[in-house]
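Below: one structure, written as structure tokens.
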Amino acid sequence: MNNKQKKAARNIIIAIVLVVSIKLILSIGIIPSEFADKKVSLLNKIFKMKYVLEFILFMIPYFVVGWDILRKAFKGILNKQVFDENFLMAVATIGAIIMGEYVEGVAVMLFYQIGELFQSVAVGKSRKNISDLMEIRPDYANLEVEENGETEKVDPDEVEVGSIIVVYPGEKIPIDGVVISGNSTLNTAALTGESVPRTVNSGDEVISGCVNMSGILRIETTKEFDESTASKILELVENASSRKSTPENFITKFAKVYTPLVCYLALALAVIPPALLTITGHDANVTTWIYRALTFLVISCPCALVISIPLTFFAGLGGASHEGILIKGSNYMENLSKVSTVVFDKTGTMTKGVFEVTRIIPANGCDENILLRIAAIAESVSNHPIARSIVNGYLSKENGADLDSGLDKESFEEVSGKGIKCSINSQKVLCGNEKLMDMENVAFEKCDKSGSIVYVAIDGVYKGCIVISDEIKETAKEALKKLRDIGIKENIMLTGDVEAVAKDVSKQIGANKYYANLLPQNKVEIVEELLTNMKDDGKLIFVGDGINDAPVLSRADIGVAMGALGQDAAIEAADVVLMNDDPLMIHRSIKIARKCIRIVYENIYFAIGVKVLCLILGAVGIANMWLAIFADVGVMVLAVLNAIRALRTN
């Protein structure tokens, strides 16, 4: 508990002890009866106050436990924001006390505060998963001073791109960068939800928010602090509460109309029936009708709905973030629960995206080593996984080779979805897929090998191809099976690979359908077509790894970026970010969302149903103040208990 919760709990305990003590004192006759029975005649006639001393005694626990509520109600009146739960509680309890029902007046306030404390603790519990994630925020950076090699602690905001920072064991990496010396293992649990450490060595990219577990790392920063992964994720989480779901928007509008309405109905219940009875010559017991009106007010307090619905979403978002699933708002949680079609990219999503050169097929008198070297030089500027695999394949054979040799960087052009055009030693080099060869009118021999095929041409003459294979992730097939098990029948794979590769991967993982030879804009067109042809009210999600997927992530009902650590475009464009690259997390996120929404509607139906029933019973005089307490506090506690189930994601 925090200090505020401890203070509330202390006040509740004090109030309970005082009430029990007062009842005991009054019941065993410690106070002389002639003193206890002394009445104030005017107040007794008007308000039916029972005993002066009893009134004074019960006011002590009432103000101990209810002062905060009375203060908030008074402030609301001053700010012309009268109708809220504080006002309802203040009117109901003061009215009960004026009528001489001291115990019930104190009890209503006491149990209301118990419910509020319970709700506060529940929010704190669900907030813990969010706050755990917030621990990725670095407090400082050890900036290396060039003059003497020493470091000084500075605010991460002050570190410029290209600076050298030192991260010692036990410290968080404050800014994204590249390791220039040292090796270590990193704890990425706060980002990915997984406890398996990641090993990093010189030359590896590292992201902010990870904890350095062993060796000292010297890192050259590649981004400013505000643009680093940790800052992006924190911004995403902090803004999540501003994106409201349909149930939350409904409850907000409902409370604005409902609360003043029940206040006027309670006033009408206190005034109209006794007035009509008096006019018609019947005995009108004003006190009875006022008591019913006060009971009506207590029952009508919308706490259960106003508190439990946002709490459920908050708990759901917190539970998801604990597993490394970042959902940008409760509206996306709601849409995720309605998914009926899953469309996914192949490379980096269902496959590992770790390409290796498996075969080199030269043509027209070209040597294998020369073919690989030319392709590596051409691809050296690109960050595409296939480009990196060619470069790595060459460097593994020719350790220490110079990849800048002869490359005219000004001539370098990356043709989206096709490949590379550049100039090497004044020769025009093409390095890409069939579409690039066709676009440049190069006659080439089509390769039928399984894998991604990169064709190479020099000065318009075909020189051969390089076969690159990508490995399917171990959990890809199981992931699609689990999606089918929860009712997702449409699992569609999109890829820029050739037909043969797409067909082979689709068959292995069990996709319903696949589309091959796609450019980024083609993926958007297919998603738009699927959205147009959807026959139900379900939602379509697109899952990609963040490389070239930002346009289609934005176009889908829900864009899911997988393994998006360090992929700024994906974090910006996606509605859901899976911080590790396990396809099973697609199924996991949908299940979490469905559970959260189910709990939301359970609370709505339960709270409204019980309140409507109790309001009717209160209006006709069957329900007393104690039933009203259950209808308010009891329902709220049960709804809150149900809401925090959303924290449990299994």
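Scanning segment 302-331 for residues that are modelled with pLDDT under 80 and hydroxyl-bearing (Ser, Thr, Tyr) turns up Ser308, Ser321. The sole residue among Ile597, Ile604 that is touching a Pro at 6+ places or on another chain (Cβ under 7 Å), at pLDDT 75 or above and within 25 Å of Gly329 (Cα to Cα) is Ile604.
Being within 29 Å of the chain's Cα centre (by Cα) and more than 20 Å from Gly417 (Cα to Cα) is a description that does not apply to Thr495.
Can you list the helices (runs of 4 or more DSSP H) lying wholly within segment 1-106 that have 2 or more residues being modelled with pLDDT under 80 and over 30 Å from Leu305 (Cα atoms)?
Numbers: elements: 3-27, 33-36, 41-47, 52-78, 85-98.
Hits in segment 1-106: 3-27, 33-36, 41-47, 52-78.
Counting only residues that are on the phi > 0 side of the Ramachandran plot and assigned to a strand (DSSP E or B), how many does segment 433-486 have? The number of residues fulfilling the criteria is 1. Hey, any hits in segment 118-127 for a residue that's surrounded by 18 or more Cβ atoms within 10 Å (Cβ to Cβ), at pLDDT below 75 and farther than 22 Å from Arg10 by Cβ? Checked segment 118-127: at least one residue is surrounded by 18 or more Cβ atoms within 10 Å (Cβ to Cβ), at pLDDT below 75 and farther than 22 Å from Arg10 by Cβ. Note on segment 539-560: residues that are modelled with pLDDT of 85 or more and either in a loop (DSSP other than H, G, I, E, B) or among the hydrophobic types (A, V, I, L, M, F, W, C) (or both) amount to 8. The C-beta contact set for segment 324-341 (first residue within 20 Å of Leu480 (Cα to Cα), second residue crowded, with 24+ Cβ neighbours inside 10 Å and of a type outside the set (A, V, I, L, M), distance under 6 angstrom, 6+ apart or interchain) comprises Ile325/Ser589.
A single member of Ser416, Ser389, Ser405 is touching a residue at least 24 places away in the same chain (Cβ under 8 Å), surrounded by fewer than 17 Cβ atoms within 10 Å (Cβ to Cβ), within 30 Å of Lys513 (Cβ to Cβ) and not assigned by TED's automatic domain parsing to the domain that holds Asp536, and it is Ser416.
Going residue by residue through segment 332-340, is there one that turns out to be assigned to a strand (DSSP E or B), surrounded by fewer than 24 Cβ atoms within 10 Å (Cβ to Cβ) and at pLDDT 80 or above? Before you say what the answer is, go through the steps one by one.
Pass one, segment 332-340, residues assigned to a strand (DSSP E or B): 339-340.
So of that shortlist, the ones also surrounded by fewer than 24 Cβ atoms within 10 Å (Cβ to Cβ) come out as 340.
Now narrow it down to the ones that are at pLDDT 80 or above: 340.
Yes: one or more hits.
The one condition from (1) under 20 Å from Val610 (Cα atoms); (2) not in a helix (DSSP H, G or I) that Phe296 does not meet is (2).
Given the residues Gly487, Gly496, which is the only one that is in the same structural domain as Asp549 (by TED's automatic domain parsing), touching a Ser or Thr at 6+ places or on another chain (Cβ under 8 Å), of a type outside the set (Phe, Trp, Tyr) and buried (at least 23 other Cβ atoms within 10 Å of the Cβ)?
Working: Gly487 fails: buried (at least 23 other Cβ atoms within 10 Å of the Cβ).
Within the list Gly487, Gly496, the selection yields Gly496.
The number of residues in segment 481-511 that are free of Cβ contacts under 8 Å to residues at least 40 places away in the same chain and among the β-branched types (Val, Ile, Thr) comes to 0. For segment 345-374, filtered to residues that are of a type in the set (D, E, K, R) and part of a helix (DSSP H, G or I), the residue that is surrounded by the fewest Cβ atoms within 10 Å (Cβ to Cβ) is Glu368. Does Arg292 satisfy being of a type in the set (Lys, Arg) and under 29 Å from Gly621 (Cβ atoms)? Against the criterion (of a type in the set (Lys, Arg) and under 29 Å from Gly621 (Cβ atoms)), Arg292 qualifies.
The values are calculated or read from the model by the stated rules, or taken from the named source; none is laboratory data. Keep in mind that this is a model prediction, so the values were computed, not measured. Note that we place each Cβ from the backbone using ideal geometry, even for glycine, and neighbour counts take in every protein chain shown.
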